[in-house]
Amino acid sequence: MATNERSVETAASPQAVWKIWTDTARWQEWNPDVQSMVLNGPFAAGTTGTMKTKQGTRAVQLTEVVPGTSFRLETTVIPLTRFAFQCQVVAGPAGKTTISQGIRVGGPLGGLVGGMMAHQIADTFPGLLQGLARKAEASEGRG
C-alpha cells in the first residue's frame with residue numbers, strides 16, 4: 001500500500017475542527033473538491049454514503065471512527081483499487097491543533113495506482129485542510 005499524508009496547524013480547538021469535519025452535509029463550504037456529501041446514517045464506522053465531486057459521484061464508507069480524534073473514509077475511484085482517506089485531529093503544543101489527512105491506495109491495482117496518484121492527491125490536502133481550519137477558527141471567533 002502507498003501512503004501519503006499532509007498536515008496543517010490551526011488555532012482552532014480539536015473539538016471545533018471535529019465538529020466541522022463530521023458535519024459532512026456542509027463539506028462543500030470548506031472543501032473545494034466536494035459538491036455534496038450525504039451519509040446514510042450517523043458519523044460512525046460502517047455508515048455508507050455518497051460523495052459528489054468534480055470528478056464524479058462515488059459511494060463512500062466510514063470504516064473507522066474514533067470520536068473527537070480520527071476517521072477513515074474509503075471509496076473506489078478506479079476499478080480494482082480502494083482509496084482510504086485517514087483523517088486526524090490532534091491537540092499540539094502552545095494551543096495549536098494539527099489536522100492531518102493521508103491517503104492509502106489498496107486493492108489489486110493499489111500499488112500501481114497508488115504509486116502514480118497518491119502523492120499527487122495528497123498534494124491537494126493542504127488546501128482543503130486550510131479551508132477546514134479557517135471554518136473551525138471562524139466557528140470559535142478566532143478567524
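The values are calculated or read from the model by the stated rules, or taken from the named source; none is laboratory data. Small disclaimer: the values here were computed from a predicted structure and weren't measured. Cβ: placed from backbone, ideal geometry, glycine included. Neighbour counts: every protein chain shown. Surface areas here come from the heavy atoms of the whole protein model, side chains and all, with no ligands, DNA or RNA. Shrake-Rupley method; radii C 1.70, N 1.55, O 1.52, S 1.80 Å.
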Name the strands (runs of 3 or more DSSP E) wholly inside region 23-72 in which the number of residues that are open to solvent by less than 50 Å² (accessible area, probe 1.4 Å), more than 16 Å from Phe83 (Cα to Cα) and modelled with pLDDT of 95 or more is 3 or more. 34-39
Can you tell me which condition Ala11 does not meet? The list is (1) of a type in the set (A, V, I, L, M, F, W, C); (2) under 20 Å from Ser139 (Cβ atoms); (3) crowded, with 16+ Cβ neighbours inside 10 Å; (4) in contact (Cβ under 8 Å) with a residue 40 or more places away in the chain, and all the others hold. (3)
Cross-chain or 6+ apart pairs with Cβ under 7 Å, region 38-53 first and of a type in the set (Lys, Arg), then open to solvent by 50 Å² or more (accessible area, probe 1.4 Å): Lys52/Gln35
Can you pull out the residues in region 73-82 that are in contact with a Leu (Cβ under 9 Å, 6 or more places away or on another chain) and assigned to a strand (DSSP E or B)? Leu73, Glu74
Tell me, yes or no, whether region 106-117 has at least one residue that is closer than 21 Å to Trp21 by Cβ and of a type outside the set (Ser, Thr, Tyr). no
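Just to be sure, is Ala136 modelled with pLDDT of 95 or more, in contact with a Lys or Arg (Cβ under 9 Å, 6 or more places away or on another chain), open to solvent by less than 10 Å² (accessible area, probe 1.4 Å) and among the aliphatic types (A, V, I, L, M)? Before you say what the answer is, go through the steps one by one.
On the way: modelled with pLDDT of 95 or more: yes; in contact with a Lys or Arg (Cβ under 9 Å, 6 or more places away or on another chain): yes; open to solvent by less than 10 Å² (accessible area, probe 1.4 Å): yes; among the aliphatic types (A, V, I, L, M): yes.
Answer is yes for this residue.
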Would you be able to say whether some residue in region 112-124 is charged (D, E, K, R) and in a loop (DSSP other than H, G, I, E, B)? yes
